[in-house]
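Report on the following structure.
The values are calculated or read from the model by the stated rules, or taken from the named source; none is laboratory data. Keep in mind it's a predicted model, so treat the numbers as computed, not measured. All Cβ positions, glycine included, derive from the backbone under ideal geometry; neighbour counts span all protein chains shown.
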Amino acid sequence: MKTKLSILVLVLVIGAALSACGPSSITVQNQPGPRTITVTGTGMITLTPDIAYISIGVQTQNASAKDAVAENNTQAAALIAAIKKFGVEDKDLQTTNFSIYPQQQYDNTGTVTGITYVVNNTVYVTVRDLTKLGDLLDSTVQSGANTISSITFDVADKTAALTQARQAAVTEATKQANELTKATNVSLGEVQTISYSDYNAPTPIPYAKADLAAGAASVPIQSGSMQISTTVTIVYLLK
């Protein structure tokens, strides 16, 4: 009986020692994060385009690949000369495509009757004087151009307009923040983050082959207007 009592006491002592040496448990309470308000503003500026980009090309076809290329070279040279007469400099002319490929010819029964070689030469033109654009297009058509894919209008320097759009976007976002905090009886604190995105894509205008056949003295072109916009998102602390 004494032996059993001694063993029981020893077990209790060891248990108490292990309990005293074991890891402590600490409970950490999460602190609430700072109160913030997020607002978004948009600024938009309307501009009048002052520059145009055009893809103008010459397409020729011939049963002889050599003759098709020769015809294309002649018409392409005449096209470039016609463009330069309107003051377009070499830096504003860039060849973007030159290709030649065979095209099978068929009769009414679907039988292959021969092969025609098609040659394309496309030039990307930057026109900086829009008052000459209509006459330039008419002149290129008369010189041999028979493909014009599109005309894209843009503004050469949008730096100042982008600055105005961003300032307008910040002003609108700040106005929203002041209105909301006033309505909820809180005060604005410091700005935490600012992010923004600009959108100023140029305006493309389709220009179909049907337009080339019109043969007008001057092709009627309207550049219209374009808009650039900036969206700003601001995160403020709340007091």
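Here are some notes:
- Qualifying residue in region 88-96 (condition: of a type in the set (A, V, I, L, M), within 30 Å of ALA160 (Cβ to Cβ), crowded, with 17+ Cβ neighbours inside 10 Å and not assigned by TED's automatic domain parsing to the domain that holds SER223): yes
- Enumeration of residues in region 67-104 that are part of a helix (DSSP H, G or I) and hydroxyl-bearing (Ser, Thr, Tyr): THR74
- Only one of ALA168, ALA183 that is farther than 18 Å from LEU237 by Cβ and out of contact with any Phe, Trp or Tyr (no Cβ under 9 Å at 6 or more places or on another chain): ALA168
- Residue, nearest to the chain's Cα centre (by Cα), within region 105-131, restricted to residues that are of a type in the set (S, T, N, Q) and assigned to a strand (DSSP E or B): THR126
- Residue within region 177-186 that is farther than 30 Å from SER55 by Cα, β-branched (Val, Ile, Thr) and either buried (at least 17 other Cβ atoms within 10 Å of the Cβ) or touching a Pro at 6+ places or on another chain (Cβ under 7 Å) (or both) present: yes
- Residues located in region 166-196, provided they are assigned to a loop (DSSP other than H, G, I, E, B) and in contact (Cβ under 8 Å) with a residue 24 or more places away in the chain: VAL186, SER187
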